[in-house]
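The values are calculated or read from the model by the stated rules, or taken from the named source; none is laboratory data. Quick caveat, the model's predicted, so the values are computed rather than measured. Cβ sites come from the backbone with ideal geometry, for glycine too, and all protein chains shown count toward neighbours. Only protein heavy atoms, including side chains, enter the accessible area calculation; ligands, DNA and RNA are left aside. Shrake-Rupley method; radii C 1.70, N 1.55, O 1.52, S 1.80 Å.
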Amino acid sequence: MPRTVDHIVATHQLAAERRKAGKPIWDETIDVSRVWNDDDLSFEEKRDAIVAQFKRSRWFRDDDEFGRVREIVDEEIAYAEDVDEFDGWWDELYDLADYDRIWIKTV
């Protein structure tokens, strides 16, 4: 699910609709910034800590047992063997989060 102009426009419209309805732009924030920016951790330690953080999120818990969020976190990111593989799945998860109005905080 590459980040395209259509994706950016669609998620901007979702945010605008929520703002107009008096709702917060984001339903939930998943904060992985501490782990994301810890250069003392190995790739595997970061990956496992990020997976654990997502599993504690309402977004993950509320996803259907066979839903795409669970699939990406449990079956793809959790077993990513290197940064390139992780990044490919991360991009897809990040795009899903945009549509579901989930803020993934990395900074």
Subset of segment 93-107 that is open to solvent by less than 30 Å² (accessible area, probe 1.4 Å) and of a type in the set (D, E) - its residue that is nearest to D27 (Cα to Cα): D98
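Among residues belonging to segment 52-107 that are part of a loop (DSSP other than H, G, I, E, B) and not acidic (D, E), point out the one that is nearest to H12 (Cα to Cα). Quick ask: steps written out before the conclusion?
Filtering segment 52-107 down to residues part of a loop (DSSP other than H, G, I, E, B) leaves 56-57, 63-67, 80-82, 101, 106-107.
Restricting the remaining residues to those that are not acidic (D, E) gives 56-57, 66-67, 80, 101, 106-107.
Numbers: R56: 27, S57: 23, F66: 28, G67: 24, A80: 30, R101: 10, T106: 20, V107: 21 Å.
Per the stated criteria, the residue is R101.
With the structure loaded, tell me whether E71 is free of Cβ contacts under 8 Å to residues at least 40 places away in the same chain and closer than 15 Å to L93 by Cβ or whether it fails that test. Reasoning before the result, please.
Working: free of Cβ contacts under 8 Å to residues at least 40 places away in the same chain: yes; closer than 15 Å to L93 by Cβ: yes.
So E71 fits the description; yes.
Going by the conditions given, is R58 within 14 Å of the chain's Cα centre (by Cα), within 26 Å of R18 (Cβ to Cβ) and open to solvent by 80 Å² or more (accessible area, probe 1.4 Å)? Give the derivation first.
Numbers: within 14 Å of the chain's Cα centre (by Cα): yes; within 26 Å of R18 (Cβ to Cβ): yes; open to solvent by 80 Å² or more (accessible area, probe 1.4 Å): yes.
When the stated conditions are applied, R58 passes them.
Out of the residues in segment 32-47 that are of a type outside the set (S, T, Y) and open to solvent by less than 70 Å² (accessible area, probe 1.4 Å), which is nearest to V73 (Cα to Cα)?
Of all residues in segment 32-47, those of a type outside the set (S, T, Y) come to 32, 34-41, 43-47.
With open to solvent by less than 70 Å² (accessible area, probe 1.4 Å) added as a condition, the list becomes 32, 35, 38, 41, 43, 46-47.
Working: V32: 14, V35: 16, D38: 20, L41: 19, F43: 16, K46: 13, R47: 10 Å.
Among those that are of a type outside the set (S, T, Y) and open to solvent by less than 70 Å² (accessible area, probe 1.4 Å), it is R47.
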Failed item in (1) open to solvent by 90 Å² or more (accessible area, probe 1.4 Å); (2) in a helix (DSSP H, G or I); (3) closer than 15 Å to I102 by Cα, with D6 passing the rest: (3)
